[in-house]
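Working notes, beginning with the structure itself.
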Amino acid sequence: PALTYYLRLGNCSLIKGSLSDLPALTYHLDLYNCSLVTGSLSDLPALTSYLNLYNCSLVTGSYTNVSGNNVPTTTILTGTGLSASDMDNTLIAYAATTKSNGTFTATGKKRTAASDDAVATLEGRGWTISGITKE
């Protein structure tokens, strides 16, 4: 459908499809426990409030389609298939935005020293970064 604002399909474990097939949402995307969803974060539009891909292990890539204030205030990437490089690129893109006071959770995921400055920048703007360990 031609949704533009809000999509919540949490715990819809039989939903299949790719992130590239989603409508151009602008506010809220929740695919919590939609473990058959595939695709790259690069296919997502710039969301401004909420991104939850908890337990979407087939989702990979970097979420860099963010700018200015167009970045989710809450991001949950726990249980995704993101590599440490994907996580670095996503954090670096978030740090290049202007939004303050967000939460970024990716429990069990890794990042490298390449995103040290980005994490420091985000935390300096009031962001809570949790669950990510540095390789």
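A few remarks follow.
- Of CYS34, CYS56, CYS12, the residue with the greatest mean-square motion in the GNM of the chain, using alpha carbon springs below 10 Å, is CYS12.
- Accessible area (Å², 1.4 Å probe, nearest 10) - ASP117: 120
- Computed E for THR98/ARG8 - FRET, C-beta separation, R0 22 angstrom, nearest 0.05: 0.25
- The chain - convex hull of the alpha-carbon atoms, volume per residue in Å³: 81
- Spin-label pair LEU36/THR112, simplified geometry with 7 Å Cα→Cβ offset, distance in nm: 3.6
- Over the stretch 6-54 - Rg/Rh using Cα atoms and the Kirkwood inverse-distance radius: 0.91
- Nearest-ten-degree value, helix 84-95 long axis tilted from longest Cα axis of the chain: 80
The values are calculated or read from the model by the stated rules, or taken from the named source; none is laboratory data. Since the structure is predicted, the reported quantities are computational estimates derived from the model, not experimental observations. Note that each Cβ is placed from the backbone with ideal geometry, even for glycine, and that neighbours are counted across all protein chains shown. Side chains included, ligands, DNA and RNA excluded: accessible areas come from the protein's heavy atoms. Shrake-Rupley method; radii C 1.70, N 1.55, O 1.52, S 1.80 Å.
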